[in-house]
Amino acid sequence: MDRLLILDGGMSRELLRLGAELVQPEWSALALMNSPEIVGQVHAEFIAAGADVITTNSYALVPFHIGEERFARDGAALIDLSGRLAREAADKAGRKVIVAGGLPPIFGSYEPERFDPATVQDYLSVLVENLAPHVDVWLGETLSLIAEGEAVRVAVKETGKPFWISFTLADDQAQVAAQADGGEARLRSGESVRDAALWAARSGAEALLFNCAKPEVMEKAVATASAVFADEGVDIRIGVYANAFESDTDETAANEGLHETRADLTTDAYSRFACSWADAGASLIGGCCGIGAAHIHTIAGVLRGR
């Protein structure tokens, strides 16, 4: 297995824990506007917990969250700030910490039907241009359909930096039951993980990850991707960072309110899932929404101790 790299966890709940204000629709972008020092503190706490990779707080820096007018006026400066804060935290770590430039779904989380290939590069180009001076690798994350991954590939191809692609998975009760009966792991678009892995194998991506879905649906996706990469004869890392959402996330729009998190997903419970992902072939492991520094500390200790 490739050398294990521990990813950070979810930014938004840690911002809340440390006193930042989060309201929709701005969400985590609001912390960059009002309390950027707390963003830096979150990065530092994830590094102290054992993260080898931290992701820029650029997820909400799209018109979907901050509006077209504010994106046009302030987007470049806020994106640059998110990159600088992550870079500063990494450079103070005293060890190598990779900064991933987070490239979100431009038209909204879990909403593949909103994807617009005609305009996506207009927005991605602003993110790429302003993050590029600060980041080591690109991370297209929480992408719901393969076309979003291809858009990220196109957007970053001239930067010379490697790119990782992370898809979010269907994780409603029907999907969990289907996988238990031997069904395929699927993206939220309905596309199969197998097709996503075949795309990744031919895209030049350095890693394929799965994020922002229940831990229960991740192992099947990792196993599927691992089998595809073996068949294709490609050496691509596989990663997982699951969320802690309590209910079916597809039932609530991503910019409407605050999802409840699961009481049962303790640090120990999450670490058991993390071990199963590593056993299935994942070598990039962290957390998404609701997975905090305490979870990262536990999985770093458990996985590195194996």
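The values are calculated or read from the model by the stated rules, or taken from the named source; none is laboratory data. Not measured: the values here are computed from a predicted model. A quick note on method: Cβ atoms are made from the backbone with ideal geometry, for glycine too, and the neighbour counts reach across all protein chains shown. The area values use the complete protein model at the heavy-atom level, side chains included, leaving out ligands, DNA and RNA. Shrake-Rupley method; radii C 1.70, N 1.55, O 1.52, S 1.80 Å.
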Where in segment 1-89 are there helices (runs of 4 or more DSSP H), lying wholly inside it, with at least 2 residues that are of a type outside the set (Asp, Glu) and within 21 Å of residue 293 (Cα to Cα)?
11-17, 29-34, 36-49
For segment 257-281, give me the residue count where each residue is touching a Lys or Arg at 6+ places or on another chain (Cβ under 8 Å) and under 20 Å from residue 237 (Cβ atoms).
2
All conditions in (1) open to solvent by 20 Å² or more (accessible area, probe 1.4 Å); (2) touching a residue at least 24 places away in the same chain (Cβ under 8 Å); (3) within 21 Å of residue 264 (Cα to Cα) are true of residue 246 except (2)
Keeping to segment 69-83, report how many residues are open to solvent by 30 Å² or more (accessible area, probe 1.4 Å) and closer than 17 Å to residue 155 by Cβ.
2
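Residues checked against (1) farther than 21 Å from residue 243 by Cβ; (2) out of contact with any Leu (no Cβ under 8 Å at 6 or more places or on another chain); (3) β-branched (Val, Ile, Thr):
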| position | (1), (2), (3) |
| --- | --- |
| 139 | no, no, no |
| 151 | yes, no, no |
| 177 | no, yes, no |
| 202 | yes, yes, no |
| 208 | no, yes, no |
| 215 | no, no, no |
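To keep it simple, each residue is scored yes or no on (1) within 19 Å of residue 155 (Cβ to Cβ); (2) in contact (Cβ under 8 Å) with a residue 60 or more places away in the chain.
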site: 46; (1), (2): no, yes
site: 67; (1), (2): no, no
site: 85; (1), (2): no, no
site: 90; (1), (2): no, no
site: 98; (1), (2): no, yes
site: 110; (1), (2): no, yes
site: 129; (1), (2): yes, no
site: 135; (1), (2): yes, yes
Checked segment 106-157 for anything among the hydroxyl-bearing types (Ser, Thr, Tyr) and more than 19 Å from residue 195 (Cα to Cα); matches are 109, 119, 123, 125
What is the residue count in segment 188-212 for residues that are part of a strand (DSSP E or B) and either open to solvent by 60 Å² or more (accessible area, probe 1.4 Å) or free of Cβ contacts under 8 Å to residues at least 60 places away in the same chain (or both)?
3
Residues of segment 6-36 classified as farther than 19 Å from residue 102 by Cα, surrounded by fewer than 22 Cβ atoms within 10 Å (Cβ to Cβ) and modelled with pLDDT of 95 or more, total
6
